[in-house]
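Trainee: One structure, as structure tokens, below. Some questions next.
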Amino acid sequence: MTATSTSPPSHRDHPNAASQDQLAGLRPLRWAVRAVLTLGVAASIAANVLHARPNLISQLIAAWPPLALLLTVELISRVPSHRRSLAALRLLATAAIAGIAGWVSYWHMVGVAARYGEIDAGASYLLPISVDGLVVVASISLVEITGRIRAGTGRPTPQGPGKVVR
């Protein structure tokens with residue numbers, strides 16, 4: 001007769017759970033992605049401020065959309081969702097903020113790039129896409145990495161009133 005273990009399955013048995021080695025590599029990667037996201041937002045803010053009128057109020061208003069996007073992405077990546085409907089609403093709101101920030105920043109950056117001589121081969125229209133694309137990729141990456149870390153640590157993720165998925 002052999003003894004069998006009757007202990008409950010650990011979070012490591014979960015198909016989405018990452019090994020401790022993988023988690024150790026994801027945490028510094030998350031900080032690197034945050035740095036990339038911050039760099040992209042800083043470039044967007046710089047272009048917006050350069051394009052704004054030369055007064056503090058205009059510059060603060062111009063700086064707000066990319067800053068709002070950075071703060072929104074940080075909230076989504078750090079605050080676990082409680083209900084699927086609220087998570088979907090957060091994603092829709094983030095998409096709206098990203099759309100506003102992208103639209104405003106795109107045209108500000110087009111104007112700044114053209115003013116400083118980037119006019120060959122439509123460069124003034126293409127350069128902003130590289131900044132906005134970087135921000136989008138970094139934002140999605142940050143949310144994905146955080147989700148993998150959460151799944152790998154075995155921390156519960158609430159999915160509805162009174163329901164906890166492990």
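The values are calculated or read from the model by the stated rules, or taken from the named source; none is laboratory data. The structure presented is a predicted model; accordingly, all values stated were derived computationally and were not measured. Glycine gets a Cβ as well: all are built from the backbone with ideal geometry, and neighbour counts include every protein chain shown.
Trainee: Among (1) at pLDDT 95 or above; (2) more than 22 Å from residue 32 (Cα to Cα); (3) surrounded by 12 or more Cβ atoms within 10 Å (Cβ to Cβ), where does residue 96 come up short?
Mentor: (3) is the only condition that residue 96 fails.
Trainee: For segment 101-152, give me each residue that is assigned to a loop (DSSP other than H, G, I, E, B), surrounded by 16 or more Cβ atoms within 10 Å (Cβ to Cβ) and not acidic (Asp, Glu).
Mentor: The initial filter retains those residues of segment 101-152 that are assigned to a loop (DSSP other than H, G, I, E, B), namely 116-119.
In the following step, the residues that additionally are surrounded by 16 or more Cβ atoms within 10 Å (Cβ to Cβ) were identified as 118.
Those that are assigned to a loop (DSSP other than H, G, I, E, B), surrounded by 16 or more Cβ atoms within 10 Å (Cβ to Cβ) and not acidic (Asp, Glu): none in segment 101-152.
Trainee: Given (1) in a loop (DSSP other than H, G, I, E, B); (2) at pLDDT 95 or above; (3) surrounded by 14 or more Cβ atoms within 10 Å (Cβ to Cβ), identify the lone condition not met by residue 45.
Mentor: Only one criterion is unmet by residue 45, namely (1).
Listed here are the residues, each with its yes/no results for (1) over 23 Å from residue 74 (Cβ atoms); (2) touching a strand residue (DSSP E or B) at 6+ places or on another chain (Cβ under 8 Å); (3) touching a residue at least 12 places away in the same chain (Cβ under 8 Å).
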site	(1), (2), (3)
103	no, no, no
108	no, no, yes
111	yes, no, yes
123	yes, no, no
143	no, no, yes
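Trainee: Something else now. Which one of the conditions (1) farther than 30 Å from residue 25 by Cα; (2) more than 14 Å from the chain's Cα centre (by Cα); (3) hydrophobic (A, V, I, L, M, F, W, C) does residue 97 fail to meet, given that it meets all the rest?
Mentor: (2)
Trainee: What number of residues within segment 83-100 are part of a helix (DSSP H, G or I) and either under 21 Å from residue 52 (Cα atoms) or not aliphatic (A, V, I, L, M) (or both)?
Mentor: Start the filter on segment 83-100 by keeping residues that are part of a helix (DSSP H, G or I), which leaves 84-100.
If we keep only those that are either under 21 Å from residue 52 (Cα atoms) or not aliphatic (A, V, I, L, M) (or both) as well, we get 84-85, 90, 94, 97-100.
Within segment 83-100, residues that are part of a helix (DSSP H, G or I) and either under 21 Å from residue 52 (Cα atoms) or not aliphatic (A, V, I, L, M) (or both) number 8.
Trainee: Look through 80, 28, 54, 65 and report the one residue that is under 15 Å from the mean Cα position of the chain (by Cα) and either part of a helix (DSSP H, G or I) or at pLDDT 95 or above (or both). Spell out the reasoning first.
Mentor: Working: 80 fails: either part of a helix (DSSP H, G or I) or at pLDDT 95 or above (or both); 28 fails: under 15 Å from the mean Cα position of the chain (by Cα); 54 fails: under 15 Å from the mean Cα position of the chain (by Cα).
None of the others qualify; the one that does is 65.
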